[in-house]
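Bear in mind that the values in this text are calculations on the coordinates, not laboratory data. All figures in this text were calculated on a predicted structure; none of them were measured in a lab. Ideal geometry is used to build each Cβ from the backbone, glycine not excepted, and the neighbour counts take in all protein chains shown.
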Amino acid sequence: MKTFSQFIVEAEKRLKFKKYVHGSDKESISSIKKMGPKPSPQGSEGPGHYATPDPKKAQKYAAFVSKQRNSTPATVSYRVPVGRVSTTTDIPRGVTSKKKTTSEKPVVHNQKTGHVAMDSKYANKTMIRNSSPTIKRKR
């Protein structure tokens with residue numbers, strides 16, 4: 001049986017969230033929302049679906065991709081409990097196909113490079129599919 005202190009620590013991990021954003025063109029984002037993300041087979045943080053904690057960076061990438069594809073830029077957001085994110089500060093040497101995510105920690109956030117690799121099945125579960133406004137409480 002857990003002590004009250006252990007319960008509080010675990011609850012805080014489950015209730016605190018990080019928001020990640022993936023940028024691409026409108027057609028790709030529509031496909032991601034309908035069918036789930038397709039993981040990259042390799043990347044700086046291994047295979048996965050890549051996102052960023054910086055919405056402006058995702059929007060810039062979306063503008064870049066959509067210009068190449070002659071489309072409209074778009075983004076999709078993910079809400080991930082802090083306890084499911086592993087962090088690293090290792091500088092990757094090129095791309096790798098070695099998996100860095102686990103079932104316990106399906107999101108890897110490199111704090112030096114800003115890259116975030118997510119297990120694609122987990123990303124599909126944490127995706128914010130509707131763009132309804134967030135209601136903020138007055139304090």
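Ranked by Cβ crowding within 10 angstrom, fewest neighbours first, how are I8, I128, I29 ordered?
Ordered from fewest to most neighbouring Cβ atoms within 10 Å, I8, I128, I29 come out as I8, I128, I29.
When the helices in the chain are scored as -39500 (n - 2.57) per DSSP H run of 4 or longer and the sum is shared across all residues, what 222 nm value do you end up with, to the nearest 500 deg cm²/dmol?
-9500 deg cm²/dmol
When the chain is fully extended, how far beyond the present Cα-Cα distance does S30 get from K16, taking 0.36 nm per residue of separation?
Once the chain is fully extended between S30 and K16, it gains 2.3 nm.
So for each of 31-43, 104-116 I average, over its residues, the number of other beta carbons within 10 Å; can you give me the resulting order with the highest mean first?
Highest mean packing first, the order is 104-116, 31-43.
Using all C-alpha to C-alpha distances in region 1-75, build P(r) with 5 Å bins and read off the rounded percent in each one.
3, 14, 16, 19, 15, 8, 7, 7, 5, 3, 1, 0
Kindly provide the pair-distance distribution of the chain built from C-alpha pairs, with 5 Å bins from 0 and whole-percent values in order of increasing distance.
Calculated over all Cα pairs of the chain, the distribution is 2, 10, 17, 21, 20, 14, 9, 5, 2, 1, 0, 0 percent.
Ranking request for peptides 22-28, 51-57, 91-97, 64-70: highest mean number of other beta-carbon atoms within 10 Å first, then the rest in descending order.
The packing order, highest mean first, is 22-28, 51-57, 64-70, 91-97.
Which of the residue pairs K2/K105; K34/K99; K67/K105; K16/K67; K2/K34 have a Cα-Cα distance greater than 32 Å in the structure shown?
Exceeds cut-off: K67/K105; K16/K67; K2/K34.
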